[in-house]
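Written below as structure tokens is the structure these notes are about.
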Amino acid sequence: MPEPTATRESGSTEEFDAFFERSFPGMLARARLRSACPQDADDALQEAYTAAFRRWDSLRDYESPDAWVYKVLRQRLAEAARRRRRAVPSGLAGLPQPHAADPADAVEVREALRALDTLPGRQRMVMILHTLEGMPQQEIADLLKVSRATVAVTLYTARRKLEKLLGRPERGASGRPSGTRRHALIPAGPQPARWAATGPVAGLLRAAELALRRDFAGRPELGAPLRAAVHGSVRGRQA
């Protein structure tokens, strides 16, 4: 009976579109923060959402479809990071901050994004995965297909560079973590387990991701071209 099938497919598409609208700001913020190239970020997003749309009839029953999409996104970003030997400014520092943001905090967020733009792909990816997600070095090594020693050196290099650019040393003269205050933009209350790293640089990066999410959530037009591309890709494959 064709009518029920058409109704089911239409409902499935509507559910996916609702999921896309809800999850896109956060996914875009993650992609742009982790990628040294905006085109790589956009390509990875399209691949992740296209894969999700193709299997939406089963994926929509998952406890967290967002986690599945982000896993695909992270894999694609890791592949791009392995190719990027040099930093490519992603333009994050030029993005407008939410009107509700405190001007002083907005300046610090811009400084953090500008500093992050100086890191090559691998350094940027390693720094974000370890600092914001609390991913162990061995897991990062497996994702990037490098040794754990390479990840350790990359993380050290990236952290020292950001500390220097931001004027915020993570460690004191003794080499132990410095006892700096919590950054003003970090939400009060319990934090997600993946945000395990502490320190002033980690706080600024975390605040930057939150600011990007807020900014993208207020600009729904950003997702329209990507959603159309995802629909077109799936229709083209089915034709």
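A short reminder: the numbers here are calculations on the coordinates, not readings from a lab. Fair warning: this is a prediction, and the values are worked out from it, not measured in the lab. Here Cβ is always computed from backbone atoms with ideal geometry, including for glycine, and neighbour counts include all displayed protein chains.
Just a few scattered comments:
- Using the Cβ of residue 146 as centre and a radius below 11 Å, the other residues enclosed give a net charge of +3, where K and R count +1 and D and E count -1.
- Summing +1 for each Lys or Arg and -1 for each Asp or Glu among the other residues whose beta-carbon sits under 15 angstrom from that of residue 28 gives +1.
- Counting Lys and Arg as +1 and Asp and Glu as -1 over every other residue whose Cβ lies under 15 Å from the Cβ of residue 212, the net charge comes to +3.
- Sorted on the mean count of surrounding Cβ atoms within 10 Å across their residues, most packed first, peptides 35-44, 143-152, 126-135 read 126-135, 35-44, 143-152.
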